[in-house]
1. Has segment 23-38 got any residue that is touching a residue at least 40 places away in the same chain (Cβ under 8 Å), at negative phi and among the aromatic types (Phe, Trp, Tyr)?
2. Give all pairs with beta carbons closer than 6 Å in which a residue from segment 48-71 that is farther than 17 Å from Arg30 by Cα meets a residue that is at pLDDT below 85 and part of a loop (DSSP other than H, G, I, E, B); count only pairs at least 6 apart in sequence or on separate chains.
3. Test Val69 against the stated conditions and say whether it is aliphatic (A, V, I, L, M) and within 13 Å of the chain's Cα centre (by Cα).
Amino acid sequence: MKIGSESYESPNNPTMWKGDDTIHTFQYVRNVPFGEEGNQTYINNVLHVPTITKNLVSVGQIVEQGMQVRINNIGCFMENEG
């Protein structure tokens with residue numbers, strides 16, 4: 001895997017399971033930029049699973065990457081700690 005916004009093809013077609021017990025193959029992993037232009041950071045190791053039609057975010061993984069997550073009646077906010 002390359003660090004940054006580079007992506008790589010998944011070796012041996014790794015799979016993931018959804019809550020409805022369906023199995024999905026992901027095609028690649030990528031570090032995805034977010035934030036305002038000039039002040040962007042990356043969410044690392046985001047899986048691209050073309051057969052899933054909704055975006056899924058693991059709050060635990062975001063926090064493990066050193067970010068804060070705030071959820072309120074306006075929306076969900078992610079930012080770097082500090």
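1. Looking through segment 23-38, at least one residue is touching a residue at least 40 places away in the same chain (Cβ under 8 Å), at negative phi and among the aromatic types (Phe, Trp, Tyr).
2. From residues that are farther than 17 Å from Arg30 by Cα, the pairs are Gly66/Glu81; Gln68/Glu81.
3. Details: aliphatic (A, V, I, L, M): yes; within 13 Å of the chain's Cα centre (by Cα): no.
For Val69, the condition - aliphatic (A, V, I, L, M) and within 13 Å of the chain's Cα centre (by Cα) - is not met.
The values are calculated or read from the model by the stated rules, or taken from the named source; none is laboratory data. Remember, predicted model here, so these are calculated numbers, not experimental data. Backbone-built Cβ (ideal geometry, glycine too); neighbour counts: all protein chains shown.
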